[in-house]
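Student: Next up is a structure, given as structure tokens.
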There are 2 protein chains.
Amino acid sequence: MNVSDKSRRRFLSGLGTAGVLAAAAGCDPRAPAARREVRQWDYTADVVVAGSGAAGTSAAIEARAAGAEVLMLERLPKTGGSSAMSGGVCYLGGGTPLQKALGFEDSIEAMRDFMLAAGGLHPAKEKIELYCERSLEHFDWLVAHGVKYVQKFSESKELPFDGSSPYFSGCELAAPWRDIARPAPRGHVPTTAGHTGGRTLMEALLPAAESAGVKTLRGVSAERLVREDDGRIVGLLAQEGERTIAVRARRGVVLACGGFIQNREMLKRYAPELYDCSVPWANAGDMGIGIRMGMGVGAAAIRMHQGFAILPLYPPERTIHGIVVNRAAQRFLPEDSYYAYAGHETAYNQHGVAYLVTDADSSYDDGDFRMPLLAEAASIAALEQAGGFAEGALQQSVAFYNQHAERSVDPLWHKHPKWVTPLAKPPFRLYDLSVRSAFCPAHTFGGLETTVRAEVLDAGGERIPGLYAAGRTSAGMPSAPYIASGVSIGDCSFFGRQAGIHAAKEEVAV
Amino acid sequence: MNVSDKSRRRFLSGLGTAGVLAAAAGCDPRAPAARREVRQWDYTADVVVAGSGAAGTSAAIEARAAGAEVLMLERLPKTGGSSAMSGGVCYLGGGTPLQKALGFEDSIEAMRDFMLAAGGLHPAKEKIELYCERSLEHFDWLVAHGVKYVQKFSESKELPFDGSSPYFSGCELAAPWRDIARPAPRGHVPTTAGHTGGRTLMEALLPAAESAGVKTLRGVSAERLVREDDGRIVGLLAQEGERTIAVRARRGVVLACGGFIQNREMLKRYAPELYDCSVPWANAGDMGIGIRMGMGVGAAAIRMHQGFAILPLYPPERTIHGIVVNRAAQRFLPEDSYYAYAGHETAYNQHGVAYLVTDADSSYDDGDFRMPLLAEAASIAALEQAGGFAEGALQQSVAFYNQHAERSVDPLWHKHPKWVTPLAKPPFRLYDLSVRSAFCPAHTFGGLETTVRAEVLDAGGERIPGLYAAGRTSAGMPSAPYIASGVSIGDCSFFGRQAGIHAAKEEVAV
């Protein structure tokens, strides 16, 4: 068996006999079907949306608002996508009503500067700029569609358990970003108890879509695009149990069916750094089907290696007084960075291996959700030996850190003074932050290249007529490192809306 | 102007009016043309090869040897591709005649174990295994086609100036690989003076192709594939000055037209870590055209973020006695690693920033090709200040290193004892190894997914009939980090051969 054979079997996702198709030789599950192969359409709508998360549902609502007949397909029995599993945070700023009421100054420029500076190498500049400019309008749109917020600032670095908004959801207060752009709390969490903001968000948007007249089919998996000879996308084939159905899209197809963190073979090929992360953080639908459907018609899939890898060393925030080191016992970041930044640096830049070193005042308590404990010792020297570090290496790192921590200074990585205290009080503990063994949720960011109107582009930079993508099926605002909770859901909902708006305007395919 | 418009203009590469085409609306330069749009063929061959580097030329030779009529197109006026600019090293082992004659033991297993262990996350296992198994046969093939080797071991870590073979061309002797697989010198350099082994290699293969009857067109750029309605690739459109020509491939098209290091827009989207590297190390043709032509017909392009970034801190080898540190003054690798490993760690894992610290015995001499000198000082403390490191950080790193170096030990990164000596003798110097300012040649490794037969696969893992790819247009054996000189040319020539062999066997398209 060769690569091709093995790949094929793993990639296959159970597409049954294509009864609606004329005999078509050599077609694989992701290659498009030709329009002339489709003998009959089972459903017809102006805009067909694959996926019912924040991106798909926002697309559906906007397309419907523009007068289009909209059909939304969800592969799983339950709608809401991975968005419903998320914290539901939306990154919004520039002076939202909540920011203003609570006395936080923010500006479109500060928000944009932060997102561009912290978003890694060559982030999606045009999208970030448009998103920041429209942030207030997007907030209003979410509220108008039933998303409620509790106007109460949360000082927690972690997603507030009481659904307070806004909070500092990312790296805004950490070095070096706090000096690059004026920080403001921009994490807006739907009113909720616990960490179920994503469910709350979708419990607003899904009924809004339904009452607007969006039709939804559950348990129907979009599998292949249908293409006219002139290259225009005019529908898709979907699987409904054993039955293949053909769905016509008069104006446009919106692919909003998530990323590919659940597809191990795709991770190996495209995002090997995320393969070892312990927890694929998405629902079962995130198999990269939408991305591969797009690739099948020549779409460019970009930044496919990027994603988030989260190492939630806090809460509790007491652990931020500890230090994070690599296998050479060297600190490599300010520990008060957003936990997705810590995860990024570990997964991508430290070969997946990192440790948290604490003393009695900074270790996890018994009741805490915690990272795996590797060793406990009465001295740093003993901890160093127990952890298998090179002799003297951890002692040296701690001594250097402690020496400056006496004055609340971190000359190496500039952790905020409020968390800089000497590691002095035994017992000392060593926790495992390695992406394989720690709790390390991961998700993909790479996807189809789209314009700010969510139009899908091919490898020549030209649009593929009739095809749109949003959310994690597209390469959007989130890039590596991931800088703040809410950028992904913000991207899904905002550019999902653009997909719906523009797909509804597309001329009817003949 | 939006993303789409901007992208399009940058991507356009001057394709003129497609005179051979029937009117085709909406086609971009990389999207395929439909067979029925082609009114006439200007050329016909069994196998059409795009690109004349080691991959394309090897494909052409083998296809011709199998009895196929072969037409090879080269975009530039001169054949040889980026291979002709390279050192021409081919990574060969398992007991080549040179290894045996010089008394080096090697085995297929040791070679394979090294390549799999050092090749990063999820390297191309099936390809590496096949390549190692066939390494001796491939050596014989190269020799049979005119490539000559001087049987003389070179102890140099750098490409030998006198064309001696073999030499240790990679990380074989560095930690941790020297303990994972029995090291053997596997870098085979064509007989040459200076570093022009690539030219020597191509001066053997190109005449071999010509005398075998391969026809070559220079200054003809493959631009778009031609596809039958059933999905089979049956030719390509190429640009010859102002004129678009249609070239029919009865059996198969081989895309072997390099990577995309010369395409700045593609680097931003696909390999942002390579964007800042100071020297795009390839000839002008490496614009990603072949990769995008493949993507246009639905091929999967994988591992697109990977590539090599070389930081040649040696020669001279005296500098290996120095230490390499990051912006926090921490050592992050054994300095005797292959220089592409140092480049990889810097470009990908250290945010592009690194420094070399030397003393009087380890600094560059006046006549050496050298990295940019940032500072010189009589003490490490003064050098630390001049370099803008956090106070005490560099002093601490050097003190720790020196303390163990007294006993020729490097407990942190296990540099080989022969290079571990204290940095003790002023003046001390700080050189810039940052990828933007140092001499840092870079090249891309990502490309079309292919089988071990060089067949191109789509995003569903199915082959695209009639389409083959090899060399840096494909995702082959070289992955990140790059582990040894000669793996890329080895991949180009060996899998180029597979492309030719299998394309020649394909059934004639009707």
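Student: Here are A:Val398, A:Val420, A:Val435, A:Val409: which of them is β-branched (Val, Ile, Thr), within 11 Å of chain B (Cβ to nearest Cβ) and within 17 Å of A:Val324 (Cα to Cα)?
Tutor: Going through A:Val398, A:Val420, A:Val435, A:Val409 in turn, the sole match is A:Val409.
This table checks each residue for (1) open to solvent by 10 Å² or more (accessible area, probe 1.4 Å); (2) free of Cβ contacts under 8 Å to residues at least 40 places away in the same chain; (3) not in a helix (DSSP H, G or I).
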position	(1), (2), (3)
A:Ala63	no, no, no
A:Gly67	yes, no, yes
A:Leu73	no, no, yes
A:Lys78	yes, no, yes
A:Gly94	yes, no, yes
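Student: I've got another one for you. Check segment A:280-287 and report whether any residue there is within 13 Å of chain B (Cβ to nearest Cβ) and among the polar types (S, T, N, Q).
Tutor: No, because not a single residue in segment A:280-287 is within 13 Å of chain B (Cβ to nearest Cβ) and among the polar types (S, T, N, Q).
Student: From the list B:Val456, B:Val452, which residue is within 12 Å of chain A (Cβ to nearest Cβ), touching a residue at least 60 places away in the same chain (Cβ under 8 Å) and open to solvent by 10 Å² or more (accessible area, probe 1.4 Å)?
Tutor: B:Val452
Student: Based on this model, can you work out whether B:Glu391 counts as within 14 Å of chain A (Cβ to nearest Cβ), over 27 Å from A:His351 (Cβ atoms) and over 33 Å from the mean Cα position of the chain (by Cα)?
Tutor: yes
Student: Also, I was wondering about something else. Being within 19 Å of A:Val297 (Cβ to Cβ) and either within 11 Å of chain A (Cβ to nearest Cβ) or not small (Gly, Ala, Ser) (or both): is that true of B:Ile261 here?
Tutor: no
Student: To continue, here is another question. Going residue by residue through segment A:430-439, is there one that turns out to be in contact (Cβ under 8 Å) with a residue 60 or more places away in the chain, farther than 30 Å from A:Ser82 by Cα and open to solvent by less than 10 Å² (accessible area, probe 1.4 Å)? Talk me through it step by step, then tell me what you get.
Tutor: Start the filter on segment A:430-439 by keeping residues that are in contact (Cβ under 8 Å) with a residue 60 or more places away in the chain, which leaves A:430-439.
Pick out the ones that are also farther than 30 Å from A:Ser82 by Cα and you get A:430.
If we keep only those that are open to solvent by less than 10 Å² (accessible area, probe 1.4 Å) as well, we get A:430.
Yes, there is a match, as at least one residue in segment A:430-439 is in contact (Cβ under 8 Å) with a residue 60 or more places away in the chain, farther than 30 Å from A:Ser82 by Cα and open to solvent by less than 10 Å² (accessible area, probe 1.4 Å).
Student: Same structure again: Looking only at segment B:225-246, count how many residues are more than 16 Å from B:Arg30 (Cβ to Cβ) and among the hydrophobic types (A, V, I, L, M, F, W, C).
Tutor: So the answer is 3.
Student: If you go through segment A:18-33 one residue at a time, do you hit one that is open to solvent by 60 Å² or more (accessible area, probe 1.4 Å) and either at pLDDT 95 or above or more than 23 Å from B:Asp230 (Cβ to Cβ) (or both)?
Tutor: No, every residue in segment A:18-33 fails to be open to solvent by 60 Å² or more (accessible area, probe 1.4 Å) and either at pLDDT 95 or above or more than 23 Å from B:Asp230 (Cβ to Cβ) (or both).
Student: Would you pick out the residues in segment A:346-382 that are of a type in the set (Gly, Ala, Ser) and either in a loop (DSSP other than H, G, I, E, B) or in contact (Cβ under 8 Å) with a residue 60 or more places away in the chain (or both)?
Tutor: A:Ala347, A:Gly352, A:Ala354, A:Ala360, A:Ser362, A:Ser363, A:Gly367, A:Ala378, A:Ser379
Student: Would you confirm whether any residue within segment A:284-306 is out of contact with any Leu (no Cβ under 9 Å at 6 or more places or on another chain), among the aliphatic types (A, V, I, L, M) and open to solvent by less than 30 Å² (accessible area, probe 1.4 Å)?
Tutor: Scanning segment A:284-306 turns up at least one residue that is out of contact with any Leu (no Cβ under 9 Å at 6 or more places or on another chain), among the aliphatic types (A, V, I, L, M) and open to solvent by less than 30 Å² (accessible area, probe 1.4 Å).
Student: With the condition kept exactly as written, say whether any residue in segment B:409-422 is assigned to a loop (DSSP other than H, G, I, E, B), basic (Lys, Arg) and surrounded by fewer than 24 Cβ atoms within 10 Å (Cβ to Cβ).
Tutor: No, segment B:409-422 contains no residue that is assigned to a loop (DSSP other than H, G, I, E, B), basic (Lys, Arg) and surrounded by fewer than 24 Cβ atoms within 10 Å (Cβ to Cβ).
Student: Let me ask something else about it. Out of B:Gly447, B:Gly466, B:Gly500, B:Gly461, report the one residue that is open to solvent by less than 10 Å² (accessible area, probe 1.4 Å) and more than 14 Å from chain A (Cβ to nearest Cβ).
Tutor: Going through B:Gly447, B:Gly466, B:Gly500, B:Gly461 in turn, the sole match is B:Gly500.
Student: What pairs come up if the first residue lies in segment B:404-417 and is of a type in the set (A, V, I, L, M, F, W, C), the second is open to solvent by 30 Å² or more (accessible area, probe 1.4 Å), and their beta carbons are under 6 Å apart, counting only those six or more places apart or on different chains?
Tutor: That search, which allows pairs on different chains as well, returns B:Ala405/B:Thr421; B:Ala405/B:Pro422.
Student: Looking at A:Leu267, is it among the hydrophobic types (A, V, I, L, M, F, W, C), crowded, with 24+ Cβ neighbours inside 10 Å and farther than 24 Å from A:Leu467 by Cα?
Tutor: Spelling it out, A:Leu267 is indeed among the hydrophobic types (A, V, I, L, M, F, W, C), crowded, with 24+ Cβ neighbours inside 10 Å and farther than 24 Å from A:Leu467 by Cα.
Student: Just the residues that are open to solvent by 40 Å² or more (accessible area, probe 1.4 Å) and either in contact with a strand residue (DSSP E or B) (Cβ under 9 Å, 6 or more places away or on another chain) or in a helix (DSSP H, G or I) (or both), please, taken from segment A:389-408.
Tutor: If the condition is that a residue be open to solvent by 40 Å² or more (accessible area, probe 1.4 Å) and either in contact with a strand residue (DSSP E or B) (Cβ under 9 Å, 6 or more places away or on another chain) or in a helix (DSSP H, G or I) (or both), then A:Gln395, A:Gln396, A:Ala399, A:Gln403 are the ones that fit.
Student: Quick check, is A:Glu273 open to solvent by 10 Å² or more (accessible area, probe 1.4 Å) and either more than 30 Å from A:Gln395 (Cα to Cα) or touching a helix residue (DSSP H, G or I) at 6+ places or on another chain (Cβ under 7 Å) (or both)?
Tutor: yes
Student: Would you point out the residue of segment A:96-149, among those that are among the small types (Gly, Ala, Ser) and in contact with a Leu (Cβ under 9 Å, 6 or more places away or on another chain), that is most open to solvent (accessible area, probe 1.4 Å)?
Tutor: Within segment A:96-149, the match that is most open to solvent (accessible area, probe 1.4 Å) is A:Gly146.
Student: Being not hydrophobic (A, V, I, L, M, F, W, C) and not in a loop (DSSP other than H, G, I, E, B) is the filter; apply it to segment A:80-92 and report the residue that is nearest to A:Gly187 (Cα to Cα).
Tutor: Ranking the qualifying residues of segment A:80-92, first place goes to A:Tyr91.
Student: Return the residues of segment A:219-240 that are surrounded by fewer than 19 Cβ atoms within 10 Å (Cβ to Cβ) and either under 18 Å from A:Gly252 (Cβ atoms) or of a type in the set (D, E, K, R) (or both); say none if nothing qualifies.
Tutor: Passing the criteria: A:Glu228, A:Asp229, A:Asp230, A:Glu240.
Student: Hey, can you tell me all the residues within segment A:228-281 that are over 23 Å from A:Ala45 (Cβ atoms) and among the aliphatic types (A, V, I, L, M)?
Tutor: If the condition is that a residue be over 23 Å from A:Ala45 (Cβ atoms) and among the aliphatic types (A, V, I, L, M), then A:Ile261, A:Met266, A:Leu267, A:Ala271, A:Leu274, A:Val279 are the ones that fit.
Student: In addition: Of everything in segment B:330-374, what is within 14 Å of chain A (Cβ to nearest Cβ), open to solvent by less than 20 Å² (accessible area, probe 1.4 Å) and of a type in the set (A, V, I, L, M, F, W, C)? Give them in sequence order.
Tutor: B:Phe332, B:Leu333, B:Ala347, B:Ala354
Student: How many residues are in contact (Cβ under 8 Å) with a residue 24 or more places away in the chain and either within 14 Å of another protein chain (Cβ to nearest Cβ) or open to solvent by 10 Å² or more (accessible area, probe 1.4 Å) (or both) if we restrict to segment A:204-213? I'd like the intermediate steps shown before the answer.
Tutor: The initial filter retains those residues of segment A:204-213 that are in contact (Cβ under 8 Å) with a residue 24 or more places away in the chain, namely A:204-209, A:212-213.
Now narrow it down to the ones that are either within 14 Å of another protein chain (Cβ to nearest Cβ) or open to solvent by 10 Å² or more (accessible area, probe 1.4 Å) (or both): A:204, A:206-208, A:212-213.
Residues flagged as in contact (Cβ under 8 Å) with a residue 24 or more places away in the chain and either within 14 Å of another protein chain (Cβ to nearest Cβ) or open to solvent by 10 Å² or more (accessible area, probe 1.4 Å) (or both) within segment A:204-213 amount to 6.
Student: Go through segment B:473-491 and give me each residue that's under 24 Å from B:Ala66 (Cα atoms) and open to solvent by less than 10 Å² (accessible area, probe 1.4 Å).
Tutor: B:Thr473, B:Ser474, B:Gly476, B:Gly490, B:Asp491
Student: What single numbered condition from (1) free of Cβ contacts under 8 Å to residues at least 12 places away in the same chain; (2) open to solvent by 30 Å² or more (accessible area, probe 1.4 Å) fails to hold for B:Thr216?
Tutor: With respect to (1) free of Cβ contacts under 8 Å to residues at least 12 places away in the same chain; (2) open to solvent by 30 Å² or more (accessible area, probe 1.4 Å), B:Thr216 is out only on (1).
The values are calculated or read from the model by the stated rules, or taken from the named source; none is laboratory data. Because the structure is predicted, anything quoted here is derived from the model rather than measured. All Cβ positions, glycine included, derive from the backbone under ideal geometry; neighbour counts span all protein chains shown. What goes into the accessible areas is simple: the full protein's heavy atoms, side chains included, and nothing from ligands, DNA or RNA. Shrake-Rupley method; radii C 1.70, N 1.55, O 1.52, S 1.80 Å.
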